[in-house]
């Protein structure tokens with residue numbers, strides 16, 4: 001194999017690269033109704049992260065997002081078990097305003113756990129513009145927190161239109177556009193150009209050759225973050241995609257860890 | 001590690017998102033740079049335009065490239081648009097065609113015994129692989145279960161498995177049919193799936209495929225090279241299984 005760069009050579013030869021650790025900004029945990037995931041417990045996940053060179057995973061537990069009966073306890077427990085390897089997004093369901101209020105009230109109590117919030121509107125049969133998200137957005141904006149939201153192209157409930165509306169109002173949140181409006185790639189570029197507090201997230205993007213090159217060319221590699229939906233998708237597969245893309249090693253490092261490191265800095269005490 | 005890519009195409013899509021590869025010459029250059037020794041290719045004109053015309057274009061394109069094998073796309077014989085008799089196999093032999101691809105949704109027919117009874121009996125005997133793209137068939141699992149039930153000896157390779165995990169769908173087929181294979185371009189996307197399949201069914205029925213040009217070559221390659229399975233298994237998945245399958249096909 002003729003390697004196009006030093007970083008590509010190192011990843012192919014060793015599987016992980018010491019001076020390019022991976023930070024995964026879009027993860028989950030636990031089993032899932034619609035698919036089988038081999039590594040879904042905190043122990044198995046961290047073990048696999050060690051094997052493939054993932055330094056940190058920021059996640060929200062499937063149970064939190066899919067079932068109002070479960071809440072954020074599994075995420076909190078997992079982070080406290082592996083404080084150097086895991087951080088969580090506080091999962092909220094906009095249909096339950098009392099629960100949302102409680103989550104906001106107790107957010108600071110879990111400053112060792114949370115970096116922000118996770119929104120998953122279509123799975124919770126809601127729109128991003130649901131009133132129930134409003135107190136979360138206000139709190140996140142006041143405290144300059146991260147919000148990772150699921151998005152998809154051409155969707156009324158989680159597409160570019162509702163996201164643009166939120167961004168026009170909230171300027172201090174750091175909004176991670178999960179899946180980067182999948183298929184509506186030009187809209188992702190436009191929104192990232194218009195709002196500097198937006199980061200394009202790569203889960204489900206990287207099995208579409210050519211998109212990453214377009215993002216880097218039009219938005220720049222400083223506002224793209226690596227994510228895998230782990231334990232859904234394989235880290236090496238997605239790293240391979242970043243290596244295969246026609247971009248520079250500096251771009252690759254920005255995407256694989258540097259941008260995430262900057263975003264997480266306020267939340268991780270040395 | 002040597003690679004044999006069984007799932008990639010040449011040609012330009014109607015709406016290109018990526019940089020296509022339009023010639024066997026350019027493709028071979030890319031494969032050489034990546035250390036991919038052989039490939040089983042198809043041509044987009046077989047899909048976007050018309051199977052017979054596309055088959056001819058593919059044959060001409062790969063002529064003289066010993067590292068490239070082709071796949072012919074078929075249509076039901078009843079309309080007389082395509083002759084699936086002895087001439088078809090002769091053409092396969094003359095043009096280094098080692099497999100068949102079907103696009104029933106695109107080409108508007110049913111993939112079953114009523115439509116392809118005699119022909120599929122013959123290709124089952126000849127052990128000619130049939131590749132089916134699950135993404136292009138909208139994950140029609142009933143069709144796959146039906147065709148395997150009708151032709152239990154068929155050498156069937158499922159490709160482009162999809163972004164969602166489908167192990168609950170295809171593992172029972174691996175369990176039941178000894179000539180049922182899966183290709184890696186999207187199987188490798190799923191964390192721990194390669195390891196799960198190998199642990200349960202061994203490495204023999206997994207074949208490296210990149211899904212190029214829609215997917216990066218490097219995605220599955222890096223995953224296979226560093227998968228948590230024995231080195232000898234990786235070699236089978238990356239190269240040896242495909243060589244075995246192509247060699248045994250009696251065209």
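Derivation of every value follows stated rules applied to the coordinates shown; laboratory data play no part. The structure displayed is predicted, hence computed values, not measured ones. Here the Cβ positions follow ideal geometry from the backbone for every residue, glycine too, while neighbour counts run over all protein chains shown.
A compact table of results
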quantity	calculated
Using a Förster distance of 51 Å, the FRET efficiency for residue A:101-residue B:22 (Cβ separation, nearest 0.05)	0.30
Whole-number percent relative contact order across the range B:17-115, with pairs defined as alpha carbons under 8 Å at least 6 apart	23
Where labels lie 7 Å past Cα in the beta-carbon direction, separation of residue B:228 and residue A:134 in nm	4.7
Packing rank of A:38-49, B:19-30, A:16-27, A:97-108, where each peptide gets the mean count of other beta carbons within 10 Å, highest leading	A:16-27, A:38-49, B:19-30, A:97-108
Sorted by Cβ density within 10 Å, fewest first, the residues B:149, B:118, B:98	B:118, B:149, B:98
Over the protein assembly as shown - Rg/Rh using Cα atoms and the Kirkwood inverse-distance radius	1.00
Those residues of the range B:88-121 whose amide nitrogen sits under 19 Å from the label point placed on residue B:2, 7 Å along Cα→Cβ	B:98
Orientation-averaged projected area, Cα convex hull of chain A (nm²)	13.2
Average partner coverage of B:161-168, which counts Cβ from other chains inside 10 Å	4
Shape of the range B:133-251, Cα gyration tensor, a/c cut at 1.5	rounded
Computed label-point distance, nm, for sites residue B:32 and residue A:161 using a 7 Å Cα→Cβ extension	5.2
Residue exposure sequence - B:79, B:155 - by fewest surrounding Cβ within 10 Å	B:79, B:155
Rg over Rh, two decimals, the range B:3-248 (C-alpha only, Kirkwood Rh)	0.93
Tensor-based shape of the range A:214-270 (alpha-carbon gyration tensor, a/c under 1.5 rounded, otherwise prolate or oblate)	oblate
At 1.306 mPa s and 10 °C, Stokes D of the range A:25-113 from Kirkwood alpha-carbon radius, µm² per second	117
Relative contact order of chain B, pairs being alpha-carbon contacts under 8 Å that are 6 or more residues apart, as %	20
Per-residue average of Cβ from other chains inside 10 Å of A:242-250	3
Label point distance in nm, residue A:250-residue A:154, each placed 7 Å from Cα along Cα→Cβ	3.8
With Cα atoms, 0 to 90° folded angle of helix A:160-169 axis to chain A main axis	70
For B:41, B:115, order by how many other beta-carbon atoms lie within 10 Å, fewest first	B:115, B:41
Taking the range B:71-171 and dividing mean pair separation by its residue count, relative contact order in percent (alpha carbons under 8 Å, at least six apart)	26
